[in-house]
Amino acid sequence: ARSTRVGGRNPELAGQAAWVATEKVNAELFTLTYGALVRQVLHDCEDRVVEANKKLDEMGHAMGCRLVEDFLAKTNARKCLSFKESAETVALVGFKMFLNLECSLENWNDDETQCDVRFEHLDPFTAFVEVPDRYKSGDDEQSKLKYCQVLCGAARGALESVGVRVECHFVKDALVGDPSEGFVMRLEFMENVEDEYPFED
Amino acid sequence: RRPRLAHGAMVGLATFMIVSKEDVPQYECDFGASGAQAAGYAPGGKKDDAAHLHQFVMHAALDFVDERAWETNAMNLKLVDRFNDLLVYAFVTAGGTRFLLLHDQRNEENVRNFFHDVHELYLKILLNPFHSPRAPIVDETFDARVRESAKRHFP
């Protein structure tokens, strides 16, 4: 087994260490670029929100598949032995390392196959953003813009690349719902993907 | 430092406008009279006339704003035009958007602070990816904060 960067399993510490070691880019540049991206996707989909959400998820998925390689190379983390460990690695180390996002995992079910990831904020994506009414009206949650869907797609793509298929979406989205409820992402384990991956134990 | 206006001094009618680089109005805010006179709008017609006059004067001042903007690198152009007892102050943002303030009292310090506050608020609107640069600004929070700032700087 590979040794972990930090003694024992302490994902928060690992996340913090990884963030410190990573090259940084201007936060506002990131935020503005992401905003332009969402705007462009909506434009390309001719304001069809469902299609735009799907597109954002696909883009996130593609990014996640690549980012996981970078992540594994930089953090030297050991193989996760349970879904809980995988979820913690993605949320507490991964999100922290790439986006400096603080979050906590809560609401685990008995099987430990589903949890909620609660974010204090999603500022790298949502700073200064006000979603217009036309993208957040309607009773159907699916017809509302999922502004941060790229993040969900990335989590999904990253986990899929290491053999874990999940469902990932926001159950609480302050941009289109109640701002006081913040952002809560649901991570749900679906199945282990049987393929061989060239990662040593 | 200029002394602040004495408490209770009447500042009188003021209108604030944001005009885009292409001379398209994006936002307008009529403060009316402040303090004790706040409730006492003249009945119907007279107020409308006054509002129309203010708009006219401010649009007419745009030429002078452009002239002054050429002369200086600063964003705050201060007093740019005068019409009878109405004074027009202007501020030009980095992107060429004009803030115009119509006022009937000379008070450069307060106007400068007000413009600075509004500029910050304006930047936040601009940073919203869903805001088109030439679109009208309809955000209620923006409107509320502009009015708050006006109350603060023109007591």
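The values are calculated or read from the model by the stated rules, or taken from the named source; none is laboratory data. Since the model is a prediction, treat every value here as computed from it, not as a measurement. Positions of Cβ are backbone-derived with ideal geometry, glycine not excepted, and every protein chain shown enters the neighbour counts.
Here is how the numbers come out for the structure above:
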{"item": "Enumeration of residues in the range B:79-111 that are among the charged types (D, E, K, R), crowded, with 16+ Cβ neighbours inside 10 Å and within 13 Å of the chain's Cα centre (by Cα)", "result": "B:Arg98"}
{"item": "Residue in the range A:11-31 that is within 14 Å of chain B (Cβ to nearest Cβ) and in contact with a Ser or Thr (Cβ under 9 Å, 6 or more places away or on another chain) present", "result": "yes"}
{"item": "Scan of the range B:81-97 for residues that are touching a helix residue (DSSP H, G or I) at 6+ places or on another chain (Cβ under 6 Å) and within 13 Å of B:Met17 (Cα to Cα), ordered by number", "result": "B:Val88, B:Tyr89, B:Ala90, B:Phe91, B:Val92"}
{"item": "Tally, over the range A:141-174, of residues that are in a helix (DSSP H, G or I) and either closer than 12 Å to A:Ser86 by Cβ or of a type outside the set (A, V, I, L, M, F, W, C) (or both)", "result": "12"}
{"item": "Condition met for A:Ala73 (assigned to a helix (DSSP H, G or I), more than 14 Å from chain B (Cβ to nearest Cβ) and out of contact with any helix residue (DSSP H, G or I) (no Cβ under 9 Å at 6 or more places or on another chain))", "result": "yes"}
{"item": "Scope the range A:90-106; condition surrounded by fewer than 23 Cβ atoms within 10 Å (Cβ to Cβ), over 11 Å from the mean Cα position of the chain (by Cα) and not in a strand (DSSP E or B); matching residues", "result": "A:Asn100, A:Glu102"}
{"item": "Test result for A:Lys79, of a type in the set (D, E, K, R), surrounded by fewer than 20 Cβ atoms within 10 Å (Cβ to Cβ) and not in a helix (DSSP H, G or I)", "result": "yes"}
{"item": "Among residues of the range A:111-168, those that are within 14 Å of chain B (Cβ to nearest Cβ), in contact with a Cys (Cβ under 8 Å, 6 or more places away or on another chain) and either of a type outside the set (A, V, I, L, M, F, W, C) or within 26 Å of A:Lys79 (Cβ to Cβ) (or both), counted", "result": "1"}
{"item": "Identity of the residue in the range B:34-65, in contact with a Leu (Cβ under 6 Å, 6 or more places away or on another chain) and within 22 Å of B:Phe142 (Cα to Cα), that ends up modelled with the lowest pLDDT", "result": "B:His54"}
